[in-house]
Number of protein chains: 2
Amino acid sequence: MCIFCKIVNYEIPATIVYDNDDVIAFRDLHPKAPLHVLIIPKRHISSVNDVVEGDAAALGQLFVAARAVAEAEGVAKSGYRLVMNTGAHAGQTVDHIHLHILAGRAMTWPPG
Amino acid sequence: MCIFCKIVNYEIPATIVYDNDDVIAFRDLHPKAPLHVLIIPKRHISSVNDVVEGDAAALGQLFVAARAVAEAEGVAKSGYRLVMNTGAHAGQTVDHIHLHILAGRAMTWPPG
């Protein structure tokens, strides 16, 4: 079982900030901004390269969760960046889709 | 009407690379990587701060489109970064949700 599936199953600890039937969100262990949370679908999907039509509704919930996290953390007005990495060029480190939300500072462009 | 809604309505030109009932994708005018495409929902949503439950299925299609664009552009294996900006801290420049897909080079971390 992948490390994020273990978090979904509450088998390893994480600082969970959002949790519903479809998605769970928890703080990144190596934050790159004052707010850095990972939002993941509970169902294991390895990467965007594996996304099929039937995943759309569950993956759309990542954005619903992002809005909720931003509001709860007080960064909705100041702004936030959502990032999802796929493969080596982007630096994907865990093979379970995860949406980074970074906020609390001005983000530069390009995004890496 | 916002500039992206005009692209959705084919009222202003864009280099469209993907187009279906829910989403459209076109090349960024100021590319920050060898591949830089914007994927947007056809229905106007100003930002993630405006996302509601009923938007989830349409927004999930952004990931389905991202996979299709990555495959069509030949970057699925090498990898790609998806980015969505909300508000001033993240540098959102058009108030119509858009998912950046950047690829064709190694992306650094943090993402801006």
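The values are calculated or read from the model by the stated rules, or taken from the named source; none is laboratory data. Worth saying up front: this structure is predicted, and the values here are computed from it rather than measured. Ideal geometry is used to build each Cβ from the backbone, glycine not excepted, and the neighbour counts take in all protein chains shown. Calculation scope for accessible area: heavy atoms of the full protein, side chains included, ligands and nucleic acids excluded. Shrake-Rupley method; radii C 1.70, N 1.55, O 1.52, S 1.80 Å.
Remarks
- Verdict on B:ARG67 being open to solvent by 10 Å² or more (accessible area, probe 1.4 Å) and either more than 13 Å from the chain's Cα centre (by Cα) or closer than 20 Å to B:ASN9 by Cα (or both): no
- Checking each residue in region A:78-112 for being more than 7 Å from chain B (Cβ to nearest Cβ) and free of Cβ contacts under 8 Å to residues at least 24 places away in the same chain picks out only A:THR93.
- Selection within region A:65-112 - out of contact with any strand residue (DSSP E or B) (no Cβ under 8 Å at 6 or more places or on another chain) and under 20 Å from B:ASP28 (Cβ atoms): A:THR108, A:TRP109
- Of all residues making up region A:47-58, the number that are open to solvent by less than 30 Å² (accessible area, probe 1.4 Å), facing chain B (nearest Cβ under 7 Å) and under 21 Å from A:HIS89 (Cβ atoms): 2
- Qualifying position, being farther than 19 Å from A:SER47 by Cβ, open to solvent by less than 10 Å² (accessible area, probe 1.4 Å) and among the hydrophobic types (A, V, I, L, M, F, W, C), among B:ILE16, B:ILE40: B:ILE40
- Whichever residue in region B:21-43 is away from chain A (no Cβ under 11 Å) and in a loop (DSSP other than H, G, I, E, B) and, among such residues, is farthest from A:PRO110 (Cα to Cα): B:ASP21
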